[in-house]
Structures are given as structure tokens and as C-alpha cells.
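Notes follow the structure.
The values are calculated or read from the model by the stated rules, or taken from the named source; none is laboratory data. All of these numbers come straight from a predicted model, not from anything done at the bench. Don't worry about glycine lacking a Cβ; one is built from the backbone with ideal geometry, like all the others, and counts go over all protein chains shown. Quick note on the areas: whole protein, heavy atoms, side chains included, nothing else; ligands and nucleic acids left out. Shrake-Rupley method; radii C 1.70, N 1.55, O 1.52, S 1.80 Å.
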Amino acid sequence: MADATINPISAADITTWDYEADVVVAGYGIAGVTAAIEAARAGSEVLVLERTGGWGGAASQAGGIIYLGGGTPLQKACGFDDTVDNMKTFMKAALGPGTDDAKIDAYCEGSVDHFNWLVDAGVAFKETFWGQPGWEPPYDDGLMYSGGENAAPFNTLVDPAPRGHVPQMSGKTTSEHGAGFMLMTPLVETAEKLGVRAEYDLRVQTVVVDESGRVVGIVAKRYGKDVTIRARKGVVLAMGSFAYNDEMVRSNAPKIFGHPAASIEAHDGRAIQIGQALGADTAHMDATEVAFFCDPQLMARGILVNGRGQRFIPEDTYPGRIGQAALFQQDNQAFLVIDEAAYEEGVAAETKTIQLRAQPKWVAETVEELEAEMGLVAGALQSTVDVYNRHAAEGSDPLLGKNSEWVKPIGSPVAAIDLRGRTGGFTLGGLKTNVNSEVLHVSGEPIPGLFAAGRCTSGVCAGGYASGTSLGDGSFFGRRAGISAAR
Ligand SMILES: Cc1cc2nc3c(=O)[nH]c(=O)nc-3n(C[C@H](O)[C@H](O)[C@H](O)COP(=O)(O)OP(=O)(O)OC[C@H]3O[C@@H](n4cnc5c(N)ncnc54)[C@H](O)[C@@H]3O)c2cc1C
């Protein structure tokens, strides 16, 4: 559907400005609040424009995991060694192909400083490590593995270190009352103390450019009326992903079409389109995070097979990696095959994701009967289990490298959980920015006056994903956007 309101407006056509500030930030989630803080600290008058009735965005609903490392005080307190080089090696291997290595280098080199910055701003982390397979720690522990660092193939590439840093919060409920709220609350309080102002119920439509092509303002809608906002120094776009824009998802990331997850309806891609209308470049528009709706405590204890009854991934890895493999490479066909003893053990284990504990769909005494009930080709699952069990008897998984801790021969009775189609996700691609969060024109030059961060940009993830990289790069490059805009 044509939408002329996306086109930039000439400053010469604006007769009055309803609001004014040095730096105007669009969107009051994680990228927006961090940009606002840094711009205010640099001496700028800052105004944040937010479409909904309050601050928070997806970040407030999030599990709160922030991907940090290179030897943060929390990693050290929990007894883990990590180095900047190991973090870089892991991120470049796991988050590609096609990572922006300059961004990853800056992110890893600045990671310890960024952790300290968050702590100084009031974000609290409990110095305890949660080491079970899972999406999030069930309690208020501060550190966990969140990207498959301790699983194959990465544990053979580089020494693993947990980098999922989780703000402390008790009584968490995913999507309602998550640790992301404990990240956003002190940051917004910090911004308010610095004098950052916010205007709510104000939906950013497009930007205003002067005769030189510099971005000097924003036009927004409030209750159907146009509102004009002048930005004396710069505009920061921080309006989230395009996961809820059906047209954009269908064109760019069709595998998650109809299944947005871990995002909010306000993520409608508007910031990306505003940039594109100015000639901005984009990157990795096809990349998506993929949630896989199954409890990792169960997956680690069974074997995941595809529609041909074959294993395709070490089951103890990061569940988001399992989701990507199932959706992208296995046509969304996945089953968890697990024996009764392992199922009972998994159900008794601690988890945050109790709602993801699906019931088995088929149960049988033998694998032969099970594969027949599942409608698999005769012998397919049997040969998979034969190979797995042969090596599991010695506690190893030479085929896919699952850690011996989770490798046990599959016995009887045996069940299969139907995980076909149990994926959803959010988009990772967006505006192309440099390490200073300047939005880049297709020519490669920065667009004067325009900065961006968060999921409306392409950040550290080009294809792969690790939990915490969104709040991580959103806050890290959000800060840089604020600093650059205030300059
Ligand atoms: C349940 C859940 C769990 C998650 N868990 C994690 C996790 O543990 N770790 C992690 O890294 N990520 C997690 N995520 C993802 C993460 O929250 C987001 O990717 C991240 O918040 C993106 O940051 P952002 O600043 O780009 O967007 P947001 O934090 O969503 O902020 C964008 C803001 O812009 C506003 N906005 C949008 N359009 C307009 C407009 N036109 N005008 C004005 N304002 C506008 C939105 O209302 C919103 O407030 C989770 C998300 C959810 C929902």
C-alpha cells in the first residue's frame, strides 16, 4: 500500500515547531534510553518520542539477558575466565555468516566498560551462575550460557565462557514481568535525573531535512494530528524491528511470516522505511532470531530428529540455534525422541520455561513401533537410534558432539514429542550503521544528522543469534548513537 507520509519533509515547509531539543530520540526502549542518557551526559537537551503510553518497548518485557564478556566483574565473580579475543572469535563464528566485524570488535573491546556503565546506572546483577540448559535462569541468578558457547561446534573452536548477563529479579514471568524491566527501570530513572524529557502517544512518521540534506527534525502523529519536532543537533531512530510488518517480513524474512515472537506490535519497520526513503542502506534483512518452543531441559536429554528421522544438531546447544536449524534447514520439521526415564528426569529438572513442556504425542515400547506410529520411513529412526546408542554406551556423541553429560542410550518405553512448526521469531536486519551509529547512505557516506541503534539496525548478528545480543547491541550502540548525535 502506497504511503506518501514516509517521504522526508522539507524544513522549508514547516512553519511552526511544536517541540524542540538538541537531540530527538524516536522510541523509548533499550536503544532509545541509552542514547538519551549519553546525549544528555554530553550536555545536550534531549527529547524522547514514544508511540505508546509509556517507556519500555520490547526491552521491558524481555528476559533481560545482555550479552557481555571479555572478563566482566560478574564473570570473574562467578569464577569464569573470558578474554576479548575469545569473545570475538565466538561471536564471529556463531552470529554469521557475514558479521560486521568492526562492530563485533568494538562491542567486545568495550564490553567490560559497558557492563560497568550499566552497573553505574543502577542495573543490579546477582553474582551467581545458573548452569542448566534453558532459555533464562528460573531464579535471580546473574550469569548463564546464552549462545551455545559450551556446546559443539563452538566448544571445540574456542574456550567457552558464559556471557548472558541477567539483571537481578525475583518472581519472573516471561513476557509479563521479566528481568528486562529491571534493566529499563534504572536506565529510565537515570535519564530522568539527567533531565531527559519524553512525549508519549506520539507516533513518528518521517523526518524533516534541510536544503543541504541534513536531518533536522521529525513529523509525528498524535490523535490524528501532525506534530512537528525540531532536532537542533541530531535524530536517533530507536523504534525496534520489522517483525510485525507483514509486507516487509514477507519480502525479506518470509520463513517467520505469521509467527512474530519476542517482539511487540510497535515493531512495524517504520524506522527502517524512514531511512530507506532517505537513501539509507540496509543489511541482513533476511536474518531472524528463532525461538523454539520446547523446554531445553527435555531437549538435552533426548535426540532431535527431522522429518526423515535423522539427527541434525547437538541437543544441548543454545535453543535459539536449534530453532534456526529446525526452521531454516529442516523445513520446520522436528521431533524430540526421548525415553521415559529421561523424560521424567527432564520434567523434574528446574526450568524457567515450564509452559514449553510439551507432552509426548506418540509412545511405544520399541523404536520400530515408534517410527511406524510417527509415519517415518521404516528403519530411518531405528538406524538413527542405533548409531546414537552405540556411542552413547561409551558416553560419547561423535556424530554431533553433544556433551557426554547429556549422552545416555535411549531405552524403553520411548516417546516422541511433535515439534513441527513450533518456531517463531523476530527480525535482526535493518538500517546499516557504522560503529558510531551513524546511518549510512547507499553511497557509504553517513546521512548527516541521522543516527540509529537497536533492532531497527543491523547489529552484531548477521544470521546467527545468541540471547542477549539485542539488549546488548541495542544498549551498546544506543549509547554511541547518543554520543554521536550530541556532537
Ligand atoms: C518476551 C521477550 C523476551 C526477550 N528476551 C530478550 C533477552 O533476554 N535478551 C535480549 O537481548 N533480547 C530479548 N528480547 C528482544 C529485545 O527485547 C528487543 O530485541 C530489544 O528490546 C530491541 O531494542 P529496541 O530499542 O530496538 O526496541 P524496543 O526496546 O522495543 O524499543 C522500541 C520503542 O520504540 C517505540 N516505537 C516504535 N515505533 C514508534 C514510532 N513510530 N514512534 C515512536 N515510537 C515508536 C516502541 O513502542 C518501543 O517503545 C526479548 C523480547 C521479548 C518481547
Original post:
Which of the listed residues, ALA342, VAL385, PRO314, is farthest toward the dipole's positive end in segment 294-421, when Lys, Arg count +1 and Asp, Glu count -1 at the beta-carbon?
Top reply: PRO314
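Would you mind classifying segment 294-421 by shape? Square roots of the alpha carbon gyration tensor eigenvalues, ordered a ≥ b ≥ c; an a/c under 1.5 is rounded, otherwise it is prolate if a/b is larger than b/c and oblate if not.
It comes out rounded by the Cα gyration axes.
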Subject >> Virtual spin-label span in nm between THR173 and GLU405, 7 Å along Cα→Cβ >> reply: 3.1
Original post:
In whole Å, what is the distance between the alpha-carbon centres of segment 62-124 and segment 421-487?
Top reply: 16
**OP:** Check cross-link reach from LYS352 to the lysines: straight Cα distance under 16 Å, and skip same-chain residues fewer than eight apart.
**Re:** LYS172
Subject >> segment 294-421 - accessible surface per residue (Å², probe 1.4 Å) >> reply: 43
Original post:
In deg cm²/dmol and to the nearest 500, what is the mean residue ellipticity at 222 nm of the chain if only DSSP H runs of at least 4 residues count, each as -39500 (n - 2.57), divided by the residue total?
Top reply: -8000 deg cm²/dmol
Original post:
Just for the Cα atoms in segment 355-487, what are the lengths along the principal axes, largest first, rounded to whole Å?
Top reply: 69, 31, 30
Original post:
Amide H to amide H under 5 Å from VAL207: which residues, 5+ apart in sequence or cross-chain, H placed 1.01 Å off N in plane?
Top reply: ILE9, VAL219
**OP:** Once you have the Cα-Cα distance between THR128 and SER251, take 0.36 nm times their residue separation minus that, and quote the gain in nm to one decimal.
**Re:** 40.0 nm
Subject >> Gain upon complete extension [SER10, GLU350; 0.36 nm per residue less C-alpha separation] >> reply: 116.6 nm
Original post:
What residues have an amide H closer than 5 Å to that of GLY240, excluding those fewer than 5 places away on the same chain, when H is modeled at 1.01 Å from N in the peptide plane?
Top reply: ARG455, CYS456
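Say R0 is 56 Å: what FRET efficiency, to the nearest 0.05, do VAL377 and LYS221 get from their beta-carbon distance?
0.50
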Original post:
How big is D for the chain, in µm² s⁻¹ as a whole number, if Stokes-Einstein is applied with the Kirkwood radius of its Cα pairs at 10 °C and 1.306 mPa s?
Top reply: 69
Original post:
How large is the dipole of segment 13-114 about the Cα centre if only Lys and Arg carry +1 and Asp and Glu carry -1, each at its Cβ, rounded to the nearest 20 debye?
Top reply: 440
Subject >> When each of LYS76/LYS402; LYS103/LYS432; LYS103/LYS193; LYS88/LYS255; LYS92/LYS432 is checked by Cα-Cα distance, pairs over 22 Å >> reply: LYS76/LYS402; LYS103/LYS193; LYS88/LYS255
Subject >> Cut-off 13 Å (backbone N to label point 7 Å along Cα→Cβ of PHE328), residues of segment 230-263 >> reply: 253-256
**OP:** Report the one residue of PHE242, TRP117, SER437 whose Cα lies farthest in the direction of the positive end of the charge dipole of the chain (charges on C-beta: Lys and Arg +1, Asp and Glu -1; origin at the Cα centre).
**Re:** SER437
